[in-house]
Amino acid sequence: MTTSIDLYYWPTPNGHKITILLEELEIPYRVIPVNIGKGDQFKPDFLKIAPNNRMPAIVDHAPQDGGESISIFESAAIMQYLAEKHDRFLPRETRKKTETMQWLFWQMGGLGPMAGQAHHFRQYAPEKIEYAITRYTNEVNRLYGVMNKRLGDRDFLAGDYSIADMASWPWVVPYERQGQDLNEFPNLKRWFESIQARPAVEKAMNVGKEYRQKPEDMNDESRKILFGQRSK
């Protein structure tokens, strides 16, 4: 089967979003590793695709308009593009589409950044700053509560299974590292386990598993690359 999608990837929650969607869509793709601990995200060829020096990014060599290849960075933009192209996991109807996009942007603006800060200060920061740990652990707890309430009367965040769920789920996977207990959020736990059981999700989470690193495996150079970036 012809592969038209190049996926620039590393096994992080944002990377997992895209592999989940691609596996759910059942379309072939080629994984191009971007080792963010070694600085691959700053290589000139990658910056042409992702000027924010962040993965994931994709290049679609078979866009719908039949023109030249399209490159896309930012995980939500990638998900919207692929869902619209293949007409799956993002409703066409205005109200349902708006509902889905709200929760996709909620993940991008809230759950991802706050969980990321919780990860940083709980796992990666060289010194333990209790105020920061408490601040971000509590905010993730609040966001889990938002999801738990939302899922009280529906199976998925926007009603039907959608890119909103695929975007949020990988950020709940490391809930223990965020200082959270899923048993406190029964609706969220039910949602989490139902998505975890999907064959496409299981397959997606195995992509790039050989590249995964634990916080304790990082060295000073990797920390500098990941957390010491400035404009120059």
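Each reported figure results from applying straightforward, stated rules to the coordinates on display, with no laboratory input. Since the model is a prediction, treat every value here as computed from it, not as a measurement. Note: ideal-geometry Cβ built from the backbone for every residue, glycine included; neighbour counts use all protein chains shown.
Results, tabulated for the structure shown:
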{"read-out": "Identity of the residue in the range 23-44, in a helix (DSSP H, G or I) and out of contact with any helix residue (DSSP H, G or I) (no Cβ under 7 Å at 6 or more places or on another chain), that ends up farthest from residue 207 (Cα to Cα)", "value": "44"}
{"read-out": "Answer residue from the range 1-18, given it is out of contact with any Gly (no Cβ under 8 Å at 6 or more places or on another chain) and surrounded by 23 or more Cβ atoms within 10 Å (Cβ to Cβ) and is farthest from residue 65 (Cα to Cα) among those", "value": "16"}
{"read-out": "Residues of the range 1-27 satisfying the condition of being within 20 Å of residue 214 (Cα to Cα) and over 10 Å from the mean Cα position of the chain (by Cα)", "value": "9, 10"}
{"read-out": "For residue 96: the one exception among (1) touching a residue at least 60 places away in the same chain (Cβ under 8 Å); (2) at negative phi; (3) surrounded by fewer than 20 Cβ atoms within 10 Å (Cβ to Cβ); (4) in contact with a helix residue (DSSP H, G or I) (Cβ under 8 Å, 6 or more places away or on another chain)", "value": "(4)"}
{"read-out": "Single residue of the range 47-62 satisfying the filter (within 16 Å of residue 9 (Cβ to Cβ) and of a type in the set (D, E, K, R)) that is nearest to the chain's Cα centre (by Cα)", "value": "54"}
{"read-out": "Among residues of the range 103-123, those that are in contact with a helix residue (DSSP H, G or I) (Cβ under 8 Å, 6 or more places away or on another chain) and surrounded by fewer than 16 Cβ atoms within 10 Å (Cβ to Cβ), counted", "value": "2"}
{"read-out": "Residue identified as free of Cβ contacts under 8 Å to residues at least 12 places away in the same chain, charged (D, E, K, R) and touching a Leu at 6+ places or on another chain (Cβ under 7 Å) among 84, 68", "value": "84"}
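For every residue, the table says whether it meets (1) outside any helix (DSSP H, G or I); (2) more than 26 Å from residue 214 (Cβ to Cβ).
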position	(1), (2)
114	no, no
121	no, no
140	no, no
148	no, yes
167	no, no
179	yes, no
183	no, no
